[in-house]
Amino acid sequence: MVAMSSTAASLYDRVRRVIPPIEWPAFSDDIDAILALKRERNAVILAHNYQTPEIFHCVADIVGDSLALARKAMTVDADVIVLAGVHFMAETAKLLNPDKTVLIPDMEAGCSLADSVTAEDVRLMRQRYPGVPIVTYVNTSAAVKAESDICCTSGNALAVVESLGAPRVIMLPDEYLAKNIAARTEVEIIAWKGHCEVHERFTAADIRELREAHSGVTVLAHPECPPEVVAEADFAGSTAAMSDYVGRHKPARVVLMTECSMSDNVAVEHPEVEFIRPCNLCPHMKRITLANIRSALKHNRHVVTIDESVALRARLAVERMLAV
């Protein structure tokens with residue numbers, strides 16, 4: 001391996017179980033530059049759990065699921081926020097930090113769920129179901145959030161739905177998340193037909209095959225998976241809840257039915273656990289790289305902006321969620 005700075009060396013010690021030595025030289029120069037640019041610009045990097053380990057463990061300041069990032073974004077003491085994730089997450093960070101510069105390294109880092117519903121769709125649902133409150137998943141555009149009553153994440157969806165005190169609610173846009181929450185509450189849930197292109201590909205048969213191939217494996221599933229997948233799993237929860245489960249229970253062998261970088265990131269913290277990796281990649285998350293994070297900080301690209309008339313209403317929906 002080529003010589004590296006002491007900082008790069010210490011960071012590599014952290015991720016050596018999930019990044020082969022031959023790959024590290026391709027990352028270390030960008031990492032050193034990003035760390036310097038963060039100091040120069042008083043910037044922080046927020047990284048979602050689906051980011052690759054060299055981003056998640058080596059340059060990010062705040063990591064977590066979409067709920068954790070939303071909460072922690074409110075307390076950031078920085079002039080610049082770089083969102084290592086997808087566009088709706090960057091918009092949420094901007095909603096909660098209107099006076100800060102928020103950057104997303106690649107404007108094409110989108111989301112199949114966010115693309116599945118528009119603000120006009122939400123307005124039409126209000127017409128069809130007058131008086132029924134609308135819960136919008138954070139995996140949506142600011143324009144969609146602005147048309148909703150309250151937002152939710154996979155981690156707090158049940159609490160948000162039941163906080164409304166309504167006999168039925170509309171839940172957009174993830175059909176499977178809505179159905180999985182409906183199975184746990186007395187509230188009638190009217191679902192939309194949006195799906196996550198990563199989680200919809202998992203099947204109950206996949207889990208049965210994994211159990212046959214890997215004796216004693218513990219299966220954790222994300223609630224964006226189809227209900228039959230959740231039913232076959234040992235536990236279902238947000239990415240944060242899955243990570244917490246591994247930390248609490250220390251299963252000898254585990255499989256996470258979610259985006260596959262998640263397994264690498266949790267594995268760094270739990271070397272005693274064997275991770276079986278059914279690899280479904282999110283092509284949008286993988287648009288974020290060390291190179292374009294470095295470019296974002298160096299050239300101030302790409303600045304996230306939201307029309308203020310939209311931002312005011314969308315911010316209210318997010319703040320209502322955070323208050324639950």
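The values are calculated or read from the model by the stated rules, or taken from the named source; none is laboratory data. Since this is a predicted model, take the numbers as computed values, not measurements. Note that we place each Cβ from the backbone using ideal geometry, even for glycine, and neighbour counts take in every protein chain shown. Only protein heavy atoms, including side chains, enter the accessible area calculation; ligands, DNA and RNA are left aside. Shrake-Rupley method; radii C 1.70, N 1.55, O 1.52, S 1.80 Å.
When each of K145, K179 is tested for being in contact with a Ser or Thr (Cβ under 9 Å, 6 or more places away or on another chain), among the basic types (K, R) and either open to solvent by 40 Å² or more (accessible area, probe 1.4 Å) or not in a loop (DSSP other than H, G, I, E, B) (or both), the lone residue that passes is K145. Selection of segment 161-176 for residues being buried (at least 24 other Cβ atoms within 10 Å of the Cβ) and out of contact with any helix residue (DSSP H, G or I) (no Cβ under 8 Å at 6 or more places or on another chain) yields only D174.
Would you call A68 in a helix (DSSP H, G or I), within 22 Å of C260 (Cβ to Cβ) and of a type outside the set (K, R)? In short, yes.
Of all residues in segment 203-236, count the ones that are within 18 Å of N156 (Cα to Cα), open to solvent by 10 Å² or more (accessible area, probe 1.4 Å) and of a type in the set (G, A, S). Adding up the residues that qualify gives 1. Filtering segment 42-62 to residues that are β-branched (V, I, T), touching a residue at least 40 places away in the same chain (Cβ under 8 Å) and either open to solvent by 10 Å² or more (accessible area, probe 1.4 Å) or under 14 Å from V102 (Cα atoms) (or both) leaves I45, T52.
The residue list V254, V246, V310, V266 contains one member that is part of a strand (DSSP E or B) and at pLDDT 95 or above, which is V254. In segment 121-142, which residues are part of a loop (DSSP other than H, G, I, E, B), under 22 Å from A236 (Cβ atoms) and not β-branched (V, I, T)? Listed by number, the list holds a single entry, N139. Confirm whether L158 is surrounded by fewer than 22 Cβ atoms within 10 Å (Cβ to Cβ), at pLDDT 95 or above, in contact with a Cys (Cβ under 9 Å, 6 or more places away or on another chain) and of a type outside the set (G, A, S). It is true that L158 is surrounded by fewer than 22 Cβ atoms within 10 Å (Cβ to Cβ), at pLDDT 95 or above, in contact with a Cys (Cβ under 9 Å, 6 or more places away or on another chain) and of a type outside the set (G, A, S). The set of residues in segment 31-41 being crowded, with 17+ Cβ neighbours inside 10 Å and charged (D, E, K, R) consists of D32, K38, R41.
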